[in-house]
């Protein structure tokens, strides 16, 4: 199809949708600008834009639902029956892993600009001693799982329009971090136009629409439209381990979690950590109308946020850490006929192209979907409590909580504890009191495994200026 024909058809489509203004600067654009604008307009679902405009004007739904109640959690401190159940679940999870039934989905569409780094967030260095990046830490965990269970670890990496090309290049330059290239599949989430207060598509510049990622819920739609779900089926995979790029402690190949999920015949399940402070800004799991979901911090009333049970612990303490297990069949059901998740609206100031095409600050609305909203579609769901110190230390902010400094400290404390338990020498603590230690994920996943490999002489310690590094021998 020629450019002229594309232009004519797309102008007609845009005009029919009441969005003809997207071509306002057409006569001022060079050929490259025109091609870009046509490509972006061609990618717009104008029916969806009309629905989003309707949602924007309708305003937030009135919250007349009953208050949430805390969910049932499979706890860290377990009864005899729960211990027996966990043992059977772990064995089932190991069978799933060794049978190649699990695929790993990483949400990695973000940039690290908030961290002062120019590039994909997955390329941000987090290794306390080695400076290994988030991508490499995750890759080494998957390589370790492949060795531990004698299986392949198909890894589906969701990017965004902003970081797809650099992410692919990073993996290529690093030999896919030791994983077979055919086991690493990239797919990109959809971009959704932002709208002004009149429901018109905003322009980021004369030659482009203001597009924003459709949220981490978009991973489900993108898995379907990219053909990734079909690829999983072809590979004999029927279970998805979902995690986000910013948590270097995440354990995607967890046999207990995967086994509990499958043993309960759940569609989608969740890991949580205990929220101990009422004002920690993290969503918690709650149940409304018999359906489980995430209650955002801002949506939980002050009374419920502060409420405690008879033991003195917060009633709503199941903090969401964005780690899920999903059946492939469930993901197919949620995306059949298009992504079946609610839209969340965020009205904010943004820099857009003004009436003369120059940058101006204006109010606009972005639209996102959240993957955890799919929990409400799952008739059965497992909520597994895990230890924060072992599995959750996200890198989100440049400073303060959930920052590179806190993640580095958490990693050092965890690894130093393993080394101490093995009776080994630790490096001298720094001014912050931290003993800088790093354990290669290829060597050990937990303290028990570290003690075992060290006792068998399979661990090598290297003393570097930056700290002590433990790696597999050979």
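Which condition breaks for residue 86 when tested against (1) touching a residue at least 24 places away in the same chain (Cβ under 8 Å); (2) surrounded by 19 or more Cβ atoms within 10 Å (Cβ to Cβ)?
Failed condition: (2).
With the condition being in contact with a helix residue (DSSP H, G or I) (Cβ under 6 Å, 6 or more places away or on another chain), I'd like the helices (runs of 4 or more DSSP H) fully within the range 161-240 carrying at least 2 qualifying residues.
Where helices (runs of 4 or more DSSP H) fall fully within the range 161-240 and carry at least 2 residues being in contact with a helix residue (DSSP H, G or I) (Cβ under 6 Å, 6 or more places away or on another chain), they are 218-225, 228-234.
Given the criterion assigned by TED's automatic domain parsing to the domain that holds residue 233, on the phi > 0 side of the Ramachandran plot and within 20 Å of the chain's Cα centre (by Cα), identify the matching residue among 119, 110.
Answer to the selection: 119.
For residues that are free of Cβ contacts under 8 Å to residues at least 60 places away in the same chain and farther than 16 Å from residue 120 by Cα, scanning just the range 153-176, find the one that is surrounded by the most Cβ atoms within 10 Å (Cβ to Cβ).
The residue in question is 155.
Return yes or no: is residue 355 at pLDDT below 95, within 30 Å of residue 37 (Cα to Cα) and surrounded by fewer than 17 Cβ atoms within 10 Å (Cβ to Cβ)?
yes
Residues checked against (1) assigned to a loop (DSSP other than H, G, I, E, B); (2) closer than 30 Å to residue 156 by Cβ; (3) assigned by TED's automatic domain parsing to the domain that holds residue 391; (4) in contact (Cβ under 8 Å) with a residue 40 or more places away in the chain:
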site	(1), (2), (3), (4)
294	no, yes, yes, yes
298	no, no, yes, no
305	no, no, yes, no
316	yes, no, yes, yes
320	no, yes, yes, yes
326	no, yes, yes, yes
329	no, yes, yes, yes
334	no, yes, yes, yes
338	yes, yes, yes, yes
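Name the single residue, out of those in the range 80-120 being touching a strand residue (DSSP E or B) at 6+ places or on another chain (Cβ under 6 Å) and part of a strand (DSSP E or B), that is farthest from residue 143 (Cα to Cα).
Here the residue is 107.
Specify which of the listed residues (389, 409) is assigned to a helix (DSSP H, G or I), free of Cβ contacts under 8 Å to residues at least 60 places away in the same chain and exposed (fewer than 14 other Cβ atoms within 10 Å of the Cβ).
Unique residue meeting the criteria: 389.
Residue by residue, here is whether (1) within 32 Å of the chain's Cα centre (by Cα); (2) under 12 Å from residue 414 (Cβ atoms); (3) at pLDDT below 95; (4) assigned by TED's automatic domain parsing to the domain that holds residue 146 holds:
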position: 432; (1), (2), (3), (4): yes, no, yes, no
position: 435; (1), (2), (3), (4): yes, yes, no, no
position: 440; (1), (2), (3), (4): yes, no, no, no
position: 445; (1), (2), (3), (4): yes, yes, no, no
position: 448; (1), (2), (3), (4): yes, no, no, no
position: 455; (1), (2), (3), (4): no, no, yes, no
position: 466; (1), (2), (3), (4): yes, no, yes, no
position: 471; (1), (2), (3), (4): yes, no, no, no
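The values are calculated or read from the model by the stated rules, or taken from the named source; none is laboratory data. Treat the numbers as computed from the prediction; the structure is a model and nothing was measured. Glycine also receives a Cβ, built like all others from the backbone with ideal geometry; neighbour counts cover every protein chain displayed.
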